[in-house]
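First comes the structure, then the notes that go with it.
The values are calculated or read from the model by the stated rules, or taken from the named source; none is laboratory data. Because the structure is predicted, anything quoted here is derived from the model rather than measured. Positions of Cβ are generated from backbone atoms using ideal geometry, with glycine treated the same way; all protein chains shown enter the neighbour counts.
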Amino acid sequence: MNILLIGAGGREHALAWKLARSRRAGTIFAAPGNAGIREEAECVALPIDDPAVVITFCKKNDVRLVVIGPEAPLVAGLADALADEGIATFGPKKAAARLEGSKSFTKDICRRYGIPTADYAVFDTEAAALAHLKAAGAPIVVKADGLAAGKGVIVATEMAQAEAAIRDIFGGVFGAAGAKVVLEEMLIGEEASFFALCDGRTALPLATAQDHKRAFDNDEGPNTGGMGAYSPAPVMTGAMNARVMDEIITPTLTAMAEAGTPYVGVLYAGLMITEDGPKLIEYNVRFGDPECQPLMMRLNTDLVDLMEAATTGDLAGGAVDWDARAALSVVMATRGYPGSYEKGSVIEGVERAAADDLVKVFHAGTSRDDDGALIATGGRVLNVTALGETITQAQRRAYEAVAKIDWPEGFHRTDIGHRAVAREREG
Ligand code: AMP
Ligand code: GLY
């Protein structure tokens, strides 16, 4: 079966790598891909915001499955256009992608279906939001309602900070994404990423993961897309996973089906594990990046089979087999990220780092110059991912590989997995 994978990040490299290992994969195309994806797939320059061109490409190349990695094309409705042409697509249609595209849409479902989440209120004027803030006080979390590339959330410990955030958002710093503001209760606990494969009716839980969102060690510095991740997340016990399925994922799938907008694809719940149990922070309508990288290292089941079953409504009774070992991924980013940074620096030593069978270096923002040298072209650039019997072992192996990479313009956190490693040390 020929497959088209949309995206260019480390998540898509991990997906391409796993898809390429399927006994059912024919030619895998990637649009636009990157230097790592190019080793697994044929990279093509397709305007993914022009569904007609994508459809023509799929027909011409006998593509039977389209896998959409990032959220933007999903929120824009690429899956709808492909479905209209009968092309199976892994990823939700526009109406279902609102679970990520609109925080107030998700909050409304939580309220109607009793899904545990932070208390919240939605405002469409600055005055009303400021009045609520005055009554509620700090700490409080201020969010732009729409997609803001992960930057639209301000966890405000002080009143002044919350007030400034509200003024900024209504002032237009996030453009149309800030037409509405959500104010919510600050949740206390440990965060975890939970993934479920969905076919519209049935949800199959995948492995859990934990992400590190802050740029620097000890969870300091600005928020990023994620500086490292590992799987499984020790905080997610079997009992906790069952609660998440019962209290959060299943009612959400029911809500979407009842609304006539069934959810197909991977549903990623960002959770806070509080004293009262799991609470939903937010949904994403795609795999996490970098969480997907350790997940793909651990996945034993054929990914094409799983994704196809999701698109045909055949997940019921299915099972997913995981490597019992842990996997951990360290993100190497260009100095300056998540702020401004220079593109074009040369990276050496990736082959050396990846020589260990238990290590995989996934590429995010990379390309090759005319001489074949590896060039950094993005903020997050490499995801050095390793398997180990324990998270401690996976961490050691990943950092040994990182040390073999020669890239003076890059930086990485040195403490990915610290919570899990501390837990393992305590036994
Ligand atoms: P989001 O984009 O909604 O995932 O938010 C980004 C980050 O902000 C989350 O990963 C949390 O660390 C934090 N956050 C969001 N909402 C809350 C909340 N209600 N309480 C505490 N932290 C939150
Ligand atoms: N790693 C967080 C995300 O993918 O949104």
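The residue of the stretch 395-427 that is surrounded by the most Cβ atoms within 10 Å (Cβ to Cβ), among those that are under 21 Å from the mean Cα position of the chain (by Cα) and either among the aliphatic types (A, V, I, L, M) or at pLDDT below 95 (or both), is 398. Looking only at residues of the stretch 185-219 that are small (Gly, Ala, Ser) and closer than 21 Å to residue 384 by Cα, we find that the one that is nearest to ligand 2 (Cβ to nearest atom) is 193. Going by what's in this entry, would residue 288 be described as more than 26 Å from residue 401 (Cβ to Cβ) and not aliphatic (A, V, I, L, M)? For residue 288, the condition - more than 26 Å from residue 401 (Cβ to Cβ) and not aliphatic (A, V, I, L, M) - is not met. Report whether or not residue 214 is more than 23 Å from residue 304 (Cα to Cα), more than 16 Å from ligand 1 (Cβ to nearest atom), touching a Pro at 6+ places or on another chain (Cβ under 9 Å) and not hydrophobic (A, V, I, L, M, F, W, C). So residue 214 fails the test. Cβ-Cβ contacts under 7 Å between residues 6 or more apart (or on different chains), taken from a first residue in the stretch 160-186 that is free of Cβ contacts under 8 Å to residues at least 40 places away in the same chain to a second residue that is aromatic (Phe, Trp, Tyr), are listed as 178/170. Checking each residue in the stretch 26-40 for being closer than 24 Å to residue 346 by Cβ, of a type outside the set (Val, Ile, Thr) and under 22 Å from the mean Cα position of the chain (by Cα) picks out 30, 32, 33, 34, 35, 36, 38, 40.
When the stretch 184-208 is limited to residues that are within 13 Å of ligand 1 (Cβ to nearest atom) and of a type in the set (A, V, I, L, M, F, W, C), the one that is surrounded by the fewest Cβ atoms within 10 Å (Cβ to Cβ) turns out to be 188. Take the conditions (1) within 15 Å of ligand 1 (Cβ to nearest atom); (2) more than 17 Å from residue 257 (Cα to Cα); (3) β-branched (Val, Ile, Thr); (4) modelled with pLDDT of 95 or more; residue 115 misses just one of them, which is (2). Has the stretch 278-288 got any residue that is touching a helix residue (DSSP H, G or I) at 6+ places or on another chain (Cβ under 8 Å), among the β-branched types (Val, Ile, Thr), under 21 Å from residue 68 (Cα atoms) and within 16 Å of ligand 1 (Cβ to nearest atom)? Checked against the condition, which is being touching a helix residue (DSSP H, G or I) at 6+ places or on another chain (Cβ under 8 Å), among the β-branched types (Val, Ile, Thr), under 21 Å from residue 68 (Cα atoms) and within 16 Å of ligand 1 (Cβ to nearest atom), the stretch 278-288 yields at least one hit. Suppose we keep only residues that are among the small types (Gly, Ala, Ser) and surrounded by fewer than 23 Cβ atoms within 10 Å (Cβ to Cβ) within the stretch 289-315. Which one would you say is nearest to ligand 2 (Cβ to nearest atom)? Ranking the qualifying residues of the stretch 289-315, first place goes to 309. Residue 45 passes every criterion in (1) in contact with a strand residue (DSSP E or B) (Cβ under 9 Å, 6 or more places away or on another chain); (2) within 14 Å of residue 3 (Cα to Cα); (3) outside any helix (DSSP H, G or I) apart from (2). Here the condition is being surrounded by fewer than 21 Cβ atoms within 10 Å (Cβ to Cβ), at pLDDT below 95, over 21 Å from residue 121 (Cα atoms) and more than 16 Å from ligand 2 (Cβ to nearest atom); of 222, 234, it holds for 234 alone. Suppose the filter is of a type outside the set (Val, Ile, Thr), touching a Leu at 6+ places or on another chain (Cβ under 6 Å) and either in contact (Cβ under 8 Å) with a residue 60 or more places away in the chain or closer than 27 Å to residue 365 by Cβ (or both); does residue 91 pass it? For residue 91, the condition - of a type outside the set (Val, Ile, Thr), touching a Leu at 6+ places or on another chain (Cβ under 6 Å) and either in contact (Cβ under 8 Å) with a residue 60 or more places away in the chain or closer than 27 Å to residue 365 by Cβ (or both) - is met. Tallying residues that are in a loop (DSSP other than H, G, I, E, B) and closer than 20 Å to residue 312 by Cβ within the stretch 55-96 yields 7. Within the stretch 120-150, if we keep just the residues that are among the charged types (D, E, K, R) and away from ligand 2 (no atom under 16 Å from the Cβ), the residue that is surrounded by the most Cβ atoms within 10 Å (Cβ to Cβ) turns out to be 145. For residue 158, state whether it is within 16 Å of ligand 2 (Cβ to nearest atom) and either of a type in the set (Lys, Arg) or surrounded by fewer than 15 Cβ atoms within 10 Å (Cβ to Cβ) (or both). Answer is no for this residue. Whenever a residue of the stretch 409-427 is farther than 18 Å from residue 233 by Cβ, its partners that are polar (S, T, N, Q) and crowded, with 18+ Cβ neighbours inside 10 Å, lying with C-beta atoms within less than 7 angstrom and at least six residues away or across chains, give the pairs 409/334; 410/334. Being away from ligand 1 (no atom under 16 Å from the Cβ) and either among the β-branched types (Val, Ile, Thr) or more than 25 Å from residue 7 (Cα to Cα) (or both) is a description that does not apply to residue 273.
Looking at (1) closer than 14 Å to residue 204 by Cα; (2) buried (at least 19 other Cβ atoms within 10 Å of the Cβ); (3) touching a helix residue (DSSP H, G or I) at 6+ places or on another chain (Cβ under 6 Å); (4) of a type in the set (Phe, Trp, Tyr), which one does residue 322 not meet, given that it meets all the others? Tallying (1) closer than 14 Å to residue 204 by Cα; (2) buried (at least 19 other Cβ atoms within 10 Å of the Cβ); (3) touching a helix residue (DSSP H, G or I) at 6+ places or on another chain (Cβ under 6 Å); (4) of a type in the set (Phe, Trp, Tyr), residue 322 fails exactly one: (2). Would the stretch 415-427 turn up any residue that is basic (Lys, Arg) and within 17 Å of residue 356 (Cβ to Cβ)? Checked against the condition, which is being basic (Lys, Arg) and within 17 Å of residue 356 (Cβ to Cβ), the stretch 415-427 yields no hits at all. Quick check on my filter: what residues within the stretch 175-220 are of a type in the set (Ser, Thr, Tyr) and in contact with a Lys or Arg (Cβ under 7 Å, 6 or more places away or on another chain)? If the condition is that a residue be of a type in the set (Ser, Thr, Tyr) and in contact with a Lys or Arg (Cβ under 7 Å, 6 or more places away or on another chain), then no residue fits.
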